[in-house]
1. Checking the structure you have, find out if any residue of segment 401-417 is open to solvent by 40 Å² or more (accessible area, probe 1.4 Å), closer than 23 Å to ALA315 by Cβ and out of contact with any Leu (no Cβ under 6 Å at 6 or more places or on another chain).
2. Could you say which residue among ILE587, ILE602 is closer than 30 Å to SER183 by Cα, β-branched (Val, Ile, Thr) and at pLDDT below 90?
3. Just the residues that are touching a helix residue (DSSP H, G or I) at 6+ places or on another chain (Cβ under 7 Å), farther than 19 Å from ALA613 by Cα and of a type in the set (Ser, Thr, Tyr), please, taken from segment 513-551.
4. So which strands (runs of 3 or more DSSP E) are wholly in segment 192-306 and hold at least 2 residues that are aliphatic (A, V, I, L, M) and more than 30 Å from ARG347 (Cα to Cα)?
5. Please go through segment 551-574 and give me each residue that is at pLDDT below 80 and either farther than 24 Å from PHE516 by Cα or aliphatic (A, V, I, L, M) (or both), ordered by number.
6. Quick one: ASN491 ticks every box in (1) assigned to a helix (DSSP H, G or I); (2) under 32 Å from the mean Cα position of the chain (by Cα); (3) surrounded by fewer than 18 Cβ atoms within 10 Å (Cβ to Cβ) except a single one, so which number is it?
7. Do we find that LEU433 is open to solvent by less than 40 Å² (accessible area, probe 1.4 Å) and over 30 Å from SER27 (Cβ atoms) in this structure?
8. Please determine, by comparing only the residues of segment 201-244 that are at pLDDT below 95 and among the polar types (S, T, N, Q), which one is most open to solvent (accessible area, probe 1.4 Å).
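The values are calculated or read from the model by the stated rules, or taken from the named source; none is laboratory data. Because the structure is a prediction, the values reported are computed rather than measured. Cβ placement follows ideal geometry from the backbone for every residue including glycine, while neighbour counts extend to all protein chains displayed. Ligands, DNA and RNA are stripped out before the accessible areas are found, and what is left, the full protein with its side chains, is counted by its heavy atoms. Shrake-Rupley method; radii C 1.70, N 1.55, O 1.52, S 1.80 Å.
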Amino acid sequence: MPNISAQELRTKYLEFFKSKGHTIIPSSSLVPENDATTLFTGSGMQPMVPYLLGESHPKGNRLTDSQKCFRSQDIEEVGDNRHTTFFEMLGNWSLGDYFKQEQIQWMFEFLTEQVGLDPKFLYITVFRGKEDLGISRDEESAKIWQGLFEQKGIAGKILDFPEKEGMRDGRIFYYGEEKNWWSRVGVTGNMPAGEPGGPDSEMFWDYGEHLGIHEKSDFKNQPCHVNCDCGRFVEIGNNVFMEYVKTQSGFEKLKQHNVDFGGGLERMLAAANGQQSVFDTDLFKNMWEVLALDQEIMTNQEVRKARIILDHVRASVFMVSDGMQPSNKDRGYVLRRLLRRSMVMGRLLNLKFHWLKALIGQVVSTYAESYPELVDKSQNIFEVIEGEQAKFEKTLEKGLKQFELRIRNQELGEVTGKEAFDLYQTYGFPWELTKELVENFGHKIKQKDFEAEFKKHQELSRTASAGQFKGGLASHSDKIVRLHTATHLMNAALRQVLGEGVWQKGSNITEERTRFDFTFERKMTLEEVGHVESLVNGWIGRDLTVKKEIMPYEEARKLNAIGVFGEKYADTVSIYTVFDPKSNEIISREFCGGPHVEHTGIIGKFKIAKEEASSAGVRRIKAVIEY
Ligand code: SER
């Protein structure tokens with residue numbers, strides 16, 4: 001019997017913070033509200049950004065919740081002992097109220113007294129500081145932790161450079177910003193002006209040196225340390241001391257200091273019950289029973305496939321309950337990919353036909369008490385997921401056969417883009433899935449060929465959408481498409497900021513960046529650069545619509561479409577217009593063959609990386625998208 005169930009842990013956490021003056025608030029949807037910069041809610045703080053920046057929250061300045069989260073960027077890791085795409089994040093916030101002392105003390109009390117974790121197996125990381133930005137080492141947090149460990153009779157040795165020198169009997173370790181700085185977009189250099197962030201202090205659970213996890217891992221030739229990814233240590237929570245905001249020139253303290261805590265319910269649960277994998281917790285128990293597989297006699301690869309199924313089906317149930325439907329773009333594409341991937345895995349594990357239906361039922365009943373909406377919406381959840389199953393079942397078997405014929409039987413070498421494309425087009429195999437299957441057989445796939453094939457088809461049929469690959473997993477061609485639309489927005493912004501004497505002279509887009517040459521006499525000031533960036537990011541954030549039209553050249557001229565300086569156009573041209581669907585305000589209208597995104601919200605964060613002279617009277621900008 002577990003020491004503590006998921007339901008008990010969730011309640012204990014919320015009640016504990018309630019006893020410390022917090023209001024319990026419900027989880028927000030997996031579909032972010034008023035935030036077009038990301039497809040999914042990926043952390044508890046995402047819905048809190050306006051309040052961290054100073055707006056007052058109707059429920060007060062101490063809040064706590066258990067937030068549904070989805071991280072598509074972790075999809076490839078699913079199958080190990082600790083990564084899932086969907087998870088619940090236990091969160092508590094101080095909005096300009098308490099700070100480090102209270103947070104660290106309460107968290108230590110919660111973990112050791114309430115959850116019953118043995119502090120001998122807890123390790124802590126804190127921020128090493130970044131002097132060039134004027135952000136100092138977080139000695140204050142390190143000392144608070146040290147005092148708490150010492151009260152339990154455990155030496156709280158504070159050490160630096162664990163990544164180079166290992167653990168050395170330390171308990172509290174300094175790391176750089178890749179590990180101990182938190183903002184929605186990661187490290188300090190990625191943050192756009194106006195984005196809040198701060199140093200963080202993470203808590204790790206140690207499965208124990210005696211298990212030899214490190215020695216058996218790919219990391220065995222380097223010193224083991226809490227962040228080394230060998231799997232011995234698992235991060236169970238993150239205390240972010242969100243007190244900075246990025247400005248045009250660096251960092252400033254926010255008007256208020258905030259705490260943003262987020263901890264993975266599944267990971268904390270596994271730690272509390274001495275389980276070495278989140279998939280062993282009671283959250284997955286009934287789901288395993290449906291699969292009727294005996295983990296004792298399964299290979300590691302089989303266990304991985306089964307875990308992928310459990311993770312993906314659970315995520316899909318929550319996604320559908322938040323209104324998503326499988327489709328060929330954006331969130332719908334991610335959902336389709338999860339479901340089709342689990343169906344292929346199910347086939348490879350020889351699961352019986354009704355397994356999916358039974359699994360959905362188990363997810364709904366496991367979460368019925370905490371998320372009653374799953375029960376209310378269960379009919380729709382079954383219909384949507386089974387509908388997708390029915391669609392894919394028709395081609396799955398044939399597709400796999402085709403796959404074997406074409407790919408498995410290939411002697412050696414790469415798989416052509418056309419073969420991968422056929423599997424996608426004829427049999428509905430998402431591209432990433434084909435890639436994974438091909439790689440499982442030790443082959444490579446020619447991604448560029450596939451994209452070329454895909455584009456050819458797109459231009460022929462005009463039905464496929466540039467948004468096929470959304471979900472934080474932008475493919476090569478997808479990045480280019482996004483940069484292409486961002487370039488149009490930048491062109492419009494340059495003309496607003498620098499005047500209508502600005503004309504495009506040329507442009508070149510690669511997966512990494514857009515390069516844009518334009519007529520202008522002098523170097524842009526920092527303010528002008530910042531203004532262009534914020535105009536473009538503002539338009540991206542408004543999720544404007546992008547429309548393509550074909551018309552006679554003369555008509556396009558009358559609409560004031562802009563083109564490349566000195567370029568001759570055909571009699572019939574295609575133009576792209578970016579406009580606000582509510583007010584019909586036109587932001588940009590250009591002669592262009594495309595392809596472009598369908599709406600700007602999916603582009604990501606735009607940033608000018610460089611502005612320099614190109615030739616006399618011509619400037620050159622290099623700009624990037626941060627995902
Ligand atoms: N926002 C932080 C995280 O996602 C803590 O809540 O880790």
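1. No, segment 401-417 contains no residue that is open to solvent by 40 Å² or more (accessible area, probe 1.4 Å), closer than 23 Å to ALA315 by Cβ and out of contact with any Leu (no Cβ under 6 Å at 6 or more places or on another chain).
2. Details: ILE587 fails: at pLDDT below 90.
The match here is ILE602.
3. None; the set is empty.
4. By residue number, 233-246, 251-264.
5. If the condition is that a residue be at pLDDT below 80 and either farther than 24 Å from PHE516 by Cα or aliphatic (A, V, I, L, M) (or both), then VAL564, ALA570, ASP571, THR572, VAL573 are the ones that fit.
6. Every listed condition holds for ASN491 apart from (3).
7. Working: open to solvent by less than 40 Å² (accessible area, probe 1.4 Å): yes; over 30 Å from SER27 (Cβ atoms): no.
So LEU433 fails the test.
8. ASN221
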